[in-house]
1. Stretch S2-S23 to full length: gain in nm at 0.36 nm per residue minus the Cα-Cα span?
2. With axes computed from alpha carbons, what is the tilt in degrees of helix 210-219 against the longest principal axis of the chain, rounded to the nearest 10 within 0 to 90?
3. Just to confirm the number: angle between the C-alpha axis of helix 325-334 and the first principal axis of the chain, 0 to 90 degrees, nearest 10?
4. Report the full-extension gain for the segment Q232 to E117: residue separation times 0.36 nm, less the Cα-Cα distance, to one decimal in nm.
5. Percent antiparallel among DSSP beta bridges with both residues in the chain, to the nearest 5?
6. Which order do the peptides 322-329, 21-28 take when ranked by the mean count of other beta-carbon atoms within 10 Å per residue, highest first?
7. Using heavy-atom solvent-accessible surface (probe 1.4 Å) with all chains present, what is the largest-first order of M204, M349?
8. State the answer as a single residue: which of L67, S49, Q268 lies farthest towards the positive end of the charge dipole of the chain, with beta carbon charges of +1 for Lys and Arg and -1 for Asp and Glu, about the Cα centre.
Amino acid sequence: MSFDVIPYGKQDIQPEDVDAVVSTLKSNYLTQGPQIAEFENAFSKYVSSKYAIAVANGTAALHLCALSLGVNESSKVITSPITFAASANCIRYCGGEVEFVDIDPKSCLLDINKVRELLESHPAGTYSGIIPIDFSGRAVDLEAFRKLADEHNLWIIEDACHAPGGYFLDSSGTKQNCGNGQYADLAIFSFHPVKHIAAGEGGMITTNNEDLYYRLLKLRTHGITKDSKDFQNDKSTVLGQNTDENEWPEWYMEMQELGYNYRLTDIQAALGKSQLKRAESGLKRRQDIAKEYFKAFENAKFVISQSGSLEGHAYHLYVVEVEDRLGLYKFLREKNIYAQIHYFPTHLMPYYKQFGWKEGDLPNAEQYYRGCLSLPMFPTLTEDELDFIINAVFEYYG
């Protein structure tokens, strides 16, 4: 049996998605129209947050979060090295310093005990915030991180790009959805094609904080507001000193701070909203695939660890740590199975090495990288393709 290329991730575009985009193309709005608010409202309901702000992509979401929380040259922020670079870069965009902390080797998530050790070994006020990552779709215990953050007066940005639909159980056994705003000040998501919800590009910020919500709305559009109750200029400056007008003119808007053009288009919002309707079925299929992987490799001697079949895991990725990772990677590609590596540790990227980070600083992350491999994981993966992948892995190890 042979197949065309099987990628590690893949979008699922159905006729209803095409219809949603075409309908928007035929409408009066291609951007800043009604699809944006409809997508935001639907997404906030999906993750159970009070507010949602649609933006151009996940990186823009991170940048706006950092800006809204006041990150600047005096800020030091803690995050994981096992993540896409944007999780750290958003702090650098604002001039802040990134402090990488090692991962827990069992969960591959930011190690809260090592974060606690770092905070307790430095004077109060040294650090501003924490960006934990729901890596691969496995939810961070944000209740525990919130308690630690409150002890040290820190904010939390949850990078939930891998985890729409994921959750963890809090100390009372209650499900806490990734991005619901219960414990994190802000959370961010991505709608890149390989993610759960594909909009071509796109991102979402969720929060329960009203003040942050309104600040983010302004920051995503050049720092401009059209809300007259927030205007700072005198009416006479706008209309002339001799005017007797009582109302602000409809055309007037104020730029009150330096913001960005990080808006999402109605075209993307329409696609995202359509995709969101299938989010639960897509998540269920990902979890079913994960169960098959876990069952197949549970007792394999060449497997060091694997993502496993875990409650609340959203399975953006299915990661196995294996012996001879490079050899397996090459063998799978020969069979048109395009597994991927997630991630090369961010602290060892040349950009961050210039700040003094070096090999050996974060041994758990570096050890994880040497064995990690993301196997194909997407809802339209067929049973035949899944069997082919599993058999190919066993074939390599003989």
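The values are calculated or read from the model by the stated rules, or taken from the named source; none is laboratory data. Computed from a prediction, not measured in an experiment: that's the story for all the values here. Please note: Cβ atoms are built from the backbone with ideal geometry, for glycine as well, and neighbour counts cover all protein chains shown. The protein model used for the area step is the full one, side chains on, heavy atoms only, and it has no ligands, DNA or RNA in it. Shrake-Rupley method; radii C 1.70, N 1.55, O 1.52, S 1.80 Å.
1. Length difference between fully extended and current span is 3.7 nm.
2. In the chain, helix 210-219 runs at an angle near 80 degrees to the longest axis.
3. That works out to roughly 90 degrees.
4. Gain in length upon complete extension: 36.9 nm.
5. 60
6. 322-329, 21-28
7. Most to least solvent-accessible, the answer reads M349, M204.
8. Value computed over the given set: Q268.
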